[in-house]
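Below: the structure, in structure tokens.
Every read-out reported here was derived from the displayed coordinates using simple, explicitly stated rules and does not represent laboratory data. The structure presented is a predicted model; accordingly, all values stated were derived computationally and were not measured.
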Amino acid sequence: MRVKSPRDGYVRCETLMPVLAVSIEPIPEMPTRRALGLMTDDGVLTLGVTAESAQLIADFLAHAASDMRKAS
């Protein structure tokens, strides 16, 4: 994973929060991207994803889910 330097005036809070719901919505102004919404107790975290990044996230989650099932 690549770490980016923080931007001026931007606060990044790294906490472990459970994901309560997930949604993927189209972005009419950007037809080659989708909005990935992760609902947490603190509100929705929304990320813009391309087909490639969505596939990468799906692959990582599938691998993690398999590992978690094996561990339980």
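Across segment 21-71, C-alpha contacts under 8 Å between residues 6 or more apart give a mean separation that, scaled by the residue count, equals a relative contact order of 24 percent.
Overall form of segment 21-71: oblate. Here a/c, set by the Cα gyration tensor axes a ≥ b ≥ c, is 1.5 or more, and a/b is not larger than b/c.
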